[in-house]
Amino acid sequence: MEQDYESVIETSTITFNDVGGMEDLKEEIKLNIIYPFKNPELFIQYGKKAGGGILLYGPPGCGKTYIAKATANECGATFLNLSIVDILDMHVGISERKLHETFELARRKSPAVIFIDEIDALGNDRMRTGDNVYARTLVNQFLNELDGLSSDNSSIMVLGATNVPWYVDTALRRPGRFDKTIFVPPPDNAERNQIFKIFLSGKPIANIDYNKLAYHTAKYSAADIVAVCNLAIDKKIKEAIQSGKKEPITTNDLIDAIKQVYPTTLEWLQTAENYVKYSNQSGLYDAVLNYLNKRD
Ligand code: ADP
């Protein structure tokens, strides 16, 4: 049985240096996760407890999982990568047990960062089996685990992620649970520039005009940029096989690839705009609003 749960443990070699941009988020994470893990006594002296949760939201492919992995590595913590959809089970009680076992595993392997993707699937329509009580029990189980009712959570940090924050159960956002809700936007111009640089570093490249690449990829997610680079690389490899000559990747190769990859964040931004307009009473989505009002 233990074997099953262990599969959520991933080794991470990514550091903050591999993560382009996201400077504000890195600062938040340092303050809320890395420093408390590294200096627990200092935080205790000031009456603060380590552990807790941060909820990351935004369009897919913009680095939520990536920064969570880097975080675990930066603080020498075990990284557990869990998707709520993976633990959902038709049979009452099984999902709750899987969730509990995962938290127990994290406690045994602490310090640990548990990354929980698709946190919106907790308690929402996707898991209803015609019986709402069933959905609530898993939410309650999760809240118990987060609250650490019967266990010590001080060396466990939970990073939740969702593309649809408007579906996340409000109970999860109460103090002591996901204390912070942070928007992870598509990378801005400077960040795109950096993501291209990071991805292409060490590869055979000619003089690359990174500013030009960043300029032509407004609203592209980091994953879209990776797709662009891979497309250009595949073309180069194909050509090298045909000609027997290895040519470096050029700016034009990448510009050609950009034309073939569509930015995947547009649909998300469109949907978000509606939610921000009509359900931002508490200012929860101010960061999205600021982003939408900014020119890139
Ligand atoms: P999300 O969890 O938001 O859907 P991911 O974290 O899985 O997105 O990001 C997809 C991929 O994009 C990552 O595997 C990584 O290769 C790349 N990536 C994302 N953010 C960054 C970043 N800030 N710097 C460099 N590469 C990134």
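Can you tell me which residue in segment 87-119 is farthest from the chain's Cα centre (by Cα), limited to those that are within 20 Å of residue 36 (Cα to Cα) and not hydrophobic (A, V, I, L, M, F, W, C)?
That would be 108.
Suppose we keep only residues that are at pLDDT 95 or above and over 9 Å from the mean Cα position of the chain (by Cα) within segment 53-70. Which one would you say is farthest from the ligand (Cβ to nearest atom)?
This residue is 70.
Looking at the structure I just gave you, is residue 109 within 11 Å of the ligand (Cβ to nearest atom) and among the charged types (D, E, K, R)?
No; evaluated as a whole, the condition is false for this residue.
Do the conditions hold for residue 217, that is, is it away from the ligand (no atom under 14 Å from the Cβ), in contact (Cβ under 8 Å) with a residue 24 or more places away in the chain and either within 17 Å of the chain's Cα centre (by Cα) or in a loop (DSSP other than H, G, I, E, B) (or both)?
Judged against the criteria, residue 217 is not a match.
Would you point out which residue out of 152, 179, 147, 131 is under 19 Å from the mean Cα position of the chain (by Cα), in the same structural domain as residue 66 (by TED's automatic domain parsing) and at pLDDT below 90?
Of 152, 179, 147, 131, the one residue that is under 19 Å from the mean Cα position of the chain (by Cα), in the same structural domain as residue 66 (by TED's automatic domain parsing) and at pLDDT below 90 is 179.
Scan segment 244-254 for residues that are surrounded by fewer than 16 Cβ atoms within 10 Å (Cβ to Cβ) and under 14 Å from residue 204 (Cβ atoms) and report the count.
Selection size over segment 244-254: 4.
Quick grid of which residues meet (1) in a loop (DSSP other than H, G, I, E, B); (2) surrounded by 12 or more Cβ atoms within 10 Å (Cβ to Cβ); (3) more than 15 Å from the ligand (Cβ to nearest atom); (4) touching a residue at least 40 places away in the same chain (Cβ under 8 Å):
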site: 223; (1), (2), (3), (4): no, yes, no, yes
site: 227; (1), (2), (3), (4): no, yes, no, no
site: 231; (1), (2), (3), (4): no, yes, no, no
site: 256; (1), (2), (3), (4): no, yes, yes, no
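Which residue, of 250, 265, is touching a residue at least 12 places away in the same chain (Cβ under 8 Å), hydroxyl-bearing (Ser, Thr, Tyr) and in the same structural domain as residue 216 (by TED's automatic domain parsing)?
250
Among the residues of segment 74-85, how many are in contact with an Asp or Glu (Cβ under 9 Å, 6 or more places away or on another chain), surrounded by fewer than 20 Cβ atoms within 10 Å (Cβ to Cβ) and not in a strand (DSSP E or B)?
Selection size over segment 74-85: 1.
Does residue 9 satisfy the criteria of being within 25 Å of residue 139 (Cα to Cα), at pLDDT 85 or above, surrounded by fewer than 22 Cβ atoms within 10 Å (Cβ to Cβ) and more than 16 Å from the ligand (Cβ to nearest atom)?
yes
List the pairs whose first member sits in segment 75-95 and is under 15 Å from residue 106 (Cα atoms), whose second member is loosely packed, with under 15 Cβ neighbours inside 10 Å, and whose Cβ atoms are under 6 Å apart, counting only residues at least 6 apart or on separate chains?
That search, which allows pairs on different chains as well, returns 79/10; 81/10.
Looking at residue 27 and the list (1) more than 21 Å from residue 188 (Cα to Cα); (2) within 16 Å of the ligand (Cβ to nearest atom), which single condition is not satisfied?
That leaves (1) as the condition not met.
Any idea which of 58, 21, 53 is touching a Gly at 6+ places or on another chain (Cβ under 9 Å), touching a residue at least 12 places away in the same chain (Cβ under 8 Å) and on the phi > 0 side of the Ramachandran plot?
Selected residue: 21, the only one of 58, 21, 53 that is touching a Gly at 6+ places or on another chain (Cβ under 9 Å), touching a residue at least 12 places away in the same chain (Cβ under 8 Å) and on the phi > 0 side of the Ramachandran plot.
The values are calculated or read from the model by the stated rules, or taken from the named source; none is laboratory data. Just so you know, these numbers come straight off a predicted model, no measurement behind them. Counting neighbours? That spans all protein chains shown, and the Cβs are built from the backbone with ideal geometry, glycine included.
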